[in-house]
Structure formats: C-alpha cells, structure tokens
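Trainee: The structure's right below; bear with me while I get my questions together.
Please treat every number below as a calculation from the coordinates, not as lab data. Worth saying up front: this structure is predicted, and the values here are computed from it rather than measured. So basically every Cβ, Gly included, is an ideal-geometry build from the backbone, and we count neighbours across all protein chains shown.
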Amino acid sequence: MTRHAFISMETVFLKSFQYIRPESLEEAGRFLAGDAPVKLLGGGNTLLLRIQSGEEEPAILLDVKHLPGFKDVRYHHNQGLKLGAAVNLQHLVMGLEIRRHYALLHQTAQKLASPQVRNRATIGGTLAWASPVSELAAPMLCYDAVCHVWSSRGLREIPLSEFYLGDFQTALAGDEIITHVHLPAFPNRTYGVYRRQTVRHDGRRMIAAAAVLAYRRQQALTHWRIAVLGVDDRPKRIPEAEAALEGAPTEEEVDRALHIVQEQIHPVDADYARADYRRASLNVLLRQAILDVIQQLQSMRS
Amino acid sequence: MKHDITFTINGESVHLTVLSHQTLLEVIRNDLGLTGPKYGCSTGECGACSVLLDGEVVNSCLVLAPEADGAEIMTVEGLSEDDELHPLQKSFIDHHGVQCGYCAPGMLISAKALLSRTSRPHEEEIREALVGNLCRCGAYADIIKSIQVASRARR
C-alpha cells in the first residue's frame, strides 16, 4: 500500500489490553487461572462496547474463536445437533441442517440484530452474556439445549434451563469456557413459532417475546415447550403451562396454560413499556403462537 | 501489545504492526488511507464502517485489528475494477442512492454481500440485508431501487 492517510481518526476508542489467541483450552485455562482480569472474546459486539464505556477493564482478551472444534457444526438424525461455541449466529440463518431440522432456531435467528452483528456474534458468547431478553435463548430452551463446558477441573454439562440464574447471571464459573452446545434430535413433525414485540425492528427494546414448540404423534400434539423473554429476570420455560397443553389442547386448556404463564412471570417497568403492558403483550403473543402451532401440526399429514 | 499481521485488502496483501486494542476500522482508515468505511456510531448500529471480512459483511469498528490476521477484506474501494465503477455504484449514481453519502460505502458493501448470495433479490430481501445500515437522510427508497436496478442489469 502506497497511499497515505489524509484523514485521521483522532480517537483511540478502546483502553489498552492484550489480545491473545490461545491454541488450546489448556492454554486458555492458564490465563483464566492467573491474576490478571481476563475476558473471553467471541464476536465482541457487546464486550467491546463495554470496554469503550469503561464497564469492563480486562487486561487480557482471549480470542477463543479459533480453538479446535469451536466452529464445528455436526448433525446426526439420532444424535442431534452439535454447535461449536464460536459458530456465528448467521449460520443459524443460513445453515441447511438448521433450516431443515431446527426451523425454530432459523426463524428466530433471522430476526436477530443485523447481518453485520450476526456474522460476528457467537453462540457461546451470546448465551454467556445471558441478557434477560436474549432472543437466542428462546429457541434453544425449546430445543432442550445443553451447554458443554470445559475448565481445568474437567468437563461438565449444563442444561440451558439451569444455565440462567438471573439478570446477566449464569451457572458458569469464572474459569469455565463453553465449548459447544448440544441439541437432541426432534421428530420430523415438529413445529415451532417465535413471536416478539419490540420497539425496534432489529430487536432492541424488547417488550415481550415467546417461543412455542410441540410435535405431533399420531393425533396427539405432545412435548409442548413454552419459552418466554422480557417478562422476568431471565429467559425461561414454563413447564406447568406446557403440561396443560399436552394432548390436543382445547380452547379452555389454552386459556389455562396462558393463565399459568401469567402467574409465573415477573415483568418490570422499562422506560418504553410498563410491566402490565409487557404482561398483556406476552399473553397476546403466546396465544397467537400456541394457536399457530396447533393449526400447523393438525394440518400435517398423519 | 504489538502484533505483526498480514491480510489481503481489495486484492492487495499488506503487512502491518498493530496494537491489541486497535480496531480494524482505525487501521483501514489511518494506516492504509482507505477512507471509504466511515466512523459512525462505534457501537455496531449504523453500519457506516461495513467491510467484507472473508466475504461476510461486518462492522469494522467492532473487529480488533489483530483479529484480521490472515483474512481477506474488501472495502468500498475494492468494488470498482480498472477504474470502471461496479454496477451497484453506477446504479446508486443513476437512481439517487447517494444523498449526503456518509452511509453509501456501507450500503454498497451490504448490497455486494447480498448480491453475491442472491442474484435477483426481492425488495424484502434487500430490506433485510440493509437492517444494519442506517441512512439519516432517509434515502432508503432510492437506495433499495438502486440495488434492484443493479441486480436486474447484471444478467
């Protein structure tokens, strides 16, 4: 390059840190065990903003995207789907195995942020950030996702339903790294719907959202899942409401499930939506989603 | 901390020494003098800094310079060939896709990424592809038209 800079950006936006690309989990683990404050770098969409604003002041950023297996995607019709922690969210939009076998994941991912953000954002990073309005969590909870976690102490599995502990809190210890996420296989006649109400088209300023999934076995609609966002301190399933839908739900049973959900959520006021508005919105979204799933499953050939 | 990195930008290979906390946008603009990608919001909302990183559109303000080691990058400067404007660029001129022009380099890059996957996108697909690019002049209608016309002209 022979050209010279003629307009210079004066600001250096980020405070100084060391960028390190570990070659192995063991190497990453040694940094995590050290005294210096370390942050794992995935897509950086959130972390770099927090460094800009001074909310985070890491001495070391560990870029874990290049660790062995972290970008693997494997699907097997019995064993299900394995998604490496550094697989980006755009893969959930484009990937053929996702579109075919985990359509709810595809449907939800399409609505997430923008192509620019999805191309960078990683599955591991998005889950670990644990926003109460994490849209990725809704389909992942419905598909019974399990986080596989490494630390120098060993491996462990954390079902996503036990992963979120509250506002931006997870069951991950400070020295643990998500290596991949596993989703079990689902029958062909599975159908899911994600519905949301947000102030902005890119998903920011969420009022409420719900994902609903079930599958059809002969005439029965079974294995219902309901995941809700924006109405509690964490993304969560509502198992009691799911149980109320088991079989082929009648109108009264749908009403009962919705009533159970209302009893188990704790929305808070936001400057763009009052708690009671979020509650009412969720009810409408969830009813639409449940009815849509019933209709779609019943119209499938048996 | 310093890093010696190598990447390809608009077909040219470059070697650079960058700092850990420099962004790709800073390096492209300040070190390489390619001022097509713009500094807008620095938070990943506006898309003015969009570049292609290994063929995929990203916000270069949220990519660390050392992360680009080994990558293939394209900025708006790489669209034209032999002083011949890219069909998208011509179409933006002909159909008023450029108003103040600040968003245009990012819009063009997002459009390029879209057309490399989908040769004849519907209006809805174009809108979805531009979700991450803001135009504060509000020239969206003409931007979408520019991309539509360019995609039809290519065949």
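Trainee: Could you please rank B:Leu85, A:Leu221, placing first whichever residue has the fewest other Cβ atoms within 10 Å of its Cβ?
Mentor: B:Leu85, A:Leu221
Trainee: Right, next: With n ≥ 4 as the cut-off for DSSP H runs, can you work out [θ] at 222 nm for the protein assembly as shown, using -39500 (n - 2.57) per run divided by the number of residues, rounded to the nearest 500?
Mentor: Result for the protein assembly as shown, helices only: -9000 deg cm²/dmol.
Trainee: Suppose we keep just the DSSP beta bridges with both residues in chain B; what percent of those would be antiparallel, to 5?
Mentor: Of the beta bridges lying entirely in chain B, close to 90 percent run antiparallel.
Trainee: Which lysines, on any chain, are close to B:Lys2 with Cα under 22 Å apart, when same-chain ones fewer than 8 places away are left out?
Mentor: A:Lys15, A:Lys39, A:Lys65
Trainee: How would you rank A:Thr250, A:Thr198, A:Thr108, going from fewest to most other Cβ atoms within 10 Å of each one's own Cβ?
Mentor: Result, fewest neighbours first: A:Thr250, A:Thr198, A:Thr108.
Trainee: Treating the angle as unsigned and between 0 and 90°, give the value, to the nearest 10°, between the Cα long axis of helix B:104-117 and the longest Cα principal axis of chain B.
Mentor: Roughly 80 degrees, rounded to the nearest 10.
Trainee: Give me a single rounded figure for B:53-63: the average over its residues of other chain Cβ atoms within 10 Å of their Cβ.
Mentor: Mean number of neighbouring Cβ atoms from other chains: 5.
Trainee: Among DSSP beta bridges whose residues both lie in chain A, state the antiparallel percentage, nearest 5.
Mentor: 85
Trainee: So, one more: How many angstrom lie between the C-alpha centres of the stretch B:89-155 and the stretch A:223-302?
Mentor: 39
Trainee: May I ask for log10 I(q)/I(0) of the stretch B:32-145 at q = 0.11, 0.12, 0.15, 0.23 Å⁻¹, from a Debye sum over the Cα atoms as equal point scatterers with solvent left out?
Mentor: One equal scatterer on each Cα of the stretch B:32-145 leads to -0.32, -0.39, -0.61, -1.47.
Trainee: Just in the stretch A:125-213: which trypsin sites (Lys or Arg not before Pro) are loop by DSSP and have at most 16 other Cβ atoms within 10 Å?
Mentor: A:Arg153, A:Arg189, A:Arg200, A:Arg204, A:Arg205
Trainee: Whole-Hz ³J(HN,Hα) for each residue in the stretch A:19-32, computed from phi via Karplus 6.51 cos²θ - 1.76 cosθ + 1.60 with θ = phi - 60°, x for glycine and proline: what do you get?
Mentor: Couplings: 8, 10, 10, x, 8, 8, 4, 4, 5, 4, x, 5, 5, 5 Hz.
Trainee: Further, regarding this structure: Taking the Cα centre of the stretch A:190-299 as the origin and placing charges on Cβ (Lys, Arg +1; Asp, Glu -1), which of A:Val212, A:Leu297, A:His201 is farthest toward the positive end of the dipole?
Mentor: So the residue we want is A:His201.
Trainee: Using the Karplus curve 6.51 cos²θ - 1.76 cosθ + 1.60 with θ = phi - 60°, what ³J(HN,Hα) values do you get for each residue of the stretch A:214-220, in whole Hz, with x for Gly and Pro?
Mentor: 7, 9, 10, 10, 6, 8, 7
Trainee: For a quick check: sort A:Tyr191, B:Tyr140 by the number of other beta carbons within 10 angstrom, fewest at the front.
Mentor: Listed from fewest to most nearby Cβ atoms, that is B:Tyr140, A:Tyr191.
Trainee: Then there is this: Provide the per-residue ³J(HN,Hα) series for the stretch A:233-246, in order, calculated from phi with Karplus coefficients 6.51, -1.76, 1.60 and θ = phi - 60°, each as a whole number of Hz, with x at glycine and proline positions.
Mentor: For the stretch A:233-246, the Karplus-derived couplings read 7, 7, x, 8, 8, 10, x, 5, 6, 4, 4, 5, 9, 4 Hz, x marking Gly and Pro.
Trainee: Still on this structure: If one takes the longest principal axis of the Cα atoms in chain A, at what angle in degrees, from 0 to 90 and to the nearest 10, does the Cα axis of helix A:251-263 lie?
Mentor: Helix A:251-263 sits roughly 40 degrees off the main axis of chain A.
Trainee: Taking the Cα centre as origin and putting +1 on Lys and Arg beta-carbons and -1 on Asp and Glu beta-carbons, what dipole magnitude results for the stretch A:18-66, to the nearest 20 debye?
Mentor: Using Cβ point charges on Lys, Arg, Asp and Glu, the stretch A:18-66 gives about 140 debye.
Trainee: Treating cross-link reach as a plain straight distance, find the lysines whose alpha-carbon is under 23 Å from the alpha-carbon of B:Lys112, omitting any fewer than eight places away in the same chain.
Mentor: A:Lys111, B:Lys38, B:Lys90, B:Lys145
Trainee: What is the sum of charges, Lys and Arg at +1 and Asp and Glu at -1, for the other residues whose Cβ falls under 15 Å from the Cβ of A:Gln288?
Mentor: Once all neighbours under 15 Å are counted, the net charge is 0.
Trainee: Considering only the other residues whose Cβ falls under 9 Å of the Cβ of A:Pro22, what net charge follows from Lys and Arg at +1 and Asp and Glu at -1?
Mentor: Once all neighbours under 9 Å are counted, the net charge is -2.
Trainee: Taking the Cβ of B:Leu114 as the center, what net charge do the other residues with Cβ under 11 Å away carry, scoring Lys and Arg +1 and Asp and Glu -1?
Mentor: Around B:Leu114, the surrounding residues sum to +2.
Trainee: Taking chain A as the reference, fit the longest principal axis to its C-alpha atoms, fit the long axis of helix A:275-299 to the helix C-alpha atoms, and give the angle between the two in degrees, 0 to 90, nearest 10.
Mentor: Taking the Cα atoms of chain A, the angle to A:275-299 is about 60 degrees.
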